[in-house]
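Since the structure comes first, as structure tokens, the remarks are kept for the end.
The values are calculated or read from the model by the stated rules, or taken from the named source; none is laboratory data. Because the structure is a prediction, the values reported are computed rather than measured. In this analysis, Cβ positions are derived from the backbone assuming ideal geometry, glycine residues included, and neighbour counts consider all displayed protein chains.
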Amino acid sequence: MEMRAVYAACLAELMEKDKHVVVLDADLGKASGTLGLRAKFPEQSFDCGVAEQDMASIAAGLSSYGFKPWIESFTPFATRRICDQVAISIVYAKRNVKIVGTDPGIAAELNGGTHMSMEDIGVMRSIPGIVIFEPVDEVQLRAAMPVLNDYDGPVYVRLFRKELPKVFEEGYKFDLFKADTIKEGKDLTIFVSGMLTADVVTAAKQLAEEGVDAEIVNVHTIKPIDRETVVASARKTGTVLTVENHNVIGGLQSAVLEALAEEKIPVVAVGVQDRFGEVGKLPYLREVTGLTVENIIAGAKKALSLK
């Protein structure tokens, strides 16, 4: 299933059980997959129009009255555009609002550079007290949705809209604040978030054919990062590669480096190299931004050379 379809189905289950769960979108119900919720839950679904700042403020107000709002828009409009409303009306005011940014980074594809938010994690991570979560497949998203809904506080969810390869098996146990070690290894650690996780698994298999035993850790919650797991894995292998669909400034690499600040362990990054996006399909965008399996393998070998 497309990730947005899983997201909408999970929301429907939550809304059915709890009338306080409400969904607000900025005239993007079809794009976000939530359009059908309006017919089924007319008193719990709201289209705020192309007015994300108003949407965030309305959600903060609804939260003040005990509702549990989920708001959604394309990633740049759910972060850059509403940064002040998130910081003051939602987070500073301790409002229980879940903010969903869809198609992060190069996933915006043909919408181009204006819709291609390479800095959304950096923007949101700098706001005190917000949680940042990025699912890697539909199994993890299904497991995470009720946990996120029950969490009393603001969360930013970075959601790829279309289908993603399965990484986790059915029955997977989700812990919001604990990173998942997908594969144990001894030679280097690869920390990865979001849509590139399946690519890291593929790269690790190719590295294994060359005698490199990589440990893979999915950091699904980038803030607060699971420092205990990050430090333990980095100490175990002695060298680190971070892989993310985000600017190398302000995102996963930055969070890992902060966690390892007192450790003498080299860190190499595969990510967007401080540039804006452009119009294109994913294969092309992966090439021009350096987010291919080949880039991951090259990054791993560079990390090993620094060990």
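Considering every residue within region 252-259, establish whether at least one is surrounded by fewer than 23 Cβ atoms within 10 Å (Cβ to Cβ) and under 30 Å from Ala8 (Cβ atoms).
So in region 252-259, the residues surrounded by fewer than 23 Cβ atoms within 10 Å (Cβ to Cβ) come out as 254, 257-259.
When the remaining residues are screened for being under 30 Å from Ala8 (Cβ atoms), the result is none.
Scanning region 252-259, I find no residue that is surrounded by fewer than 23 Cβ atoms within 10 Å (Cβ to Cβ) and under 30 Å from Ala8 (Cβ atoms), so the answer is no.
Are any of the residues in region 81-96 under 20 Å from the mean Cα position of the chain (by Cα) and basic (Lys, Arg)? Steps first, please.
At the first step, the residues of region 81-96 found to be under 20 Å from the mean Cα position of the chain (by Cα) are 81-83, 86-87, 90-91, 96.
If we keep only those that are basic (Lys, Arg) too, we end up with 81.
Scanning region 81-96 turns up at least one residue that is under 20 Å from the mean Cα position of the chain (by Cα) and basic (Lys, Arg).
Going by the structure shown, is Val200 of a type in the set (Val, Ile, Thr) and not assigned by TED's automatic domain parsing to the domain that holds Gly238? Even if it seems obvious, please write down each step before you answer.
Numbers: of a type in the set (Val, Ile, Thr): yes; not assigned by TED's automatic domain parsing to the domain that holds Gly238: no.
Taking the combined requirement at face value, the residue does not satisfy it.
Out of Val86, Val91, Val23, Val50, report the one residue that is touching an Asp or Glu at 6+ places or on another chain (Cβ under 9 Å), hydrophobic (A, V, I, L, M, F, W, C) and closer than 20 Å to Asn149 by Cα. If you could, list the steps in order and put the result at the bottom.
Numbers: Val86 fails: touching an Asp or Glu at 6+ places or on another chain (Cβ under 9 Å); Val91 fails: touching an Asp or Glu at 6+ places or on another chain (Cβ under 9 Å); Val50 fails: closer than 20 Å to Asn149 by Cα.
Val23 is the lone residue from the list that is touching an Asp or Glu at 6+ places or on another chain (Cβ under 9 Å), hydrophobic (A, V, I, L, M, F, W, C) and closer than 20 Å to Asn149 by Cα.
Residues in region 117-135 that are in contact with a Gly (Cβ under 6 Å, 6 or more places away or on another chain) and over 15 Å from Phe276 (Cβ atoms): how many?
So the count comes out to 2.
Scanning region 1-30 for residues that are over 18 Å from the mean Cα position of the chain (by Cα), surrounded by fewer than 16 Cβ atoms within 10 Å (Cβ to Cβ) and of a type in the set (Asp, Glu), which turns out modelled with the lowest pLDDT?
Per the stated criteria, the residue is Asp27.
Kindly indicate the residue of region 103-130 that is touching a helix residue (DSSP H, G or I) at 6+ places or on another chain (Cβ under 6 Å) and among the β-branched types (Val, Ile, Thr) and also surrounded by the most Cβ atoms within 10 Å (Cβ to Cβ) among those meeting that condition.
This residue is Ile106.
Hey, among the residues in region 263-286 that are touching a helix residue (DSSP H, G or I) at 6+ places or on another chain (Cβ under 9 Å) and acidic (Asp, Glu), which one's surrounded by the fewest Cβ atoms within 10 Å (Cβ to Cβ)?
Top of the filtered list is Glu278.
If you scan region 111-138, which residues turn out to be farther than 14 Å from Lys162 by Cα and among the aliphatic types (A, V, I, L, M)?
Within region 111-138, Met116, Met118, Ile121, Val123, Met124, Ile127, Ile130, Val131, Ile132 qualify.
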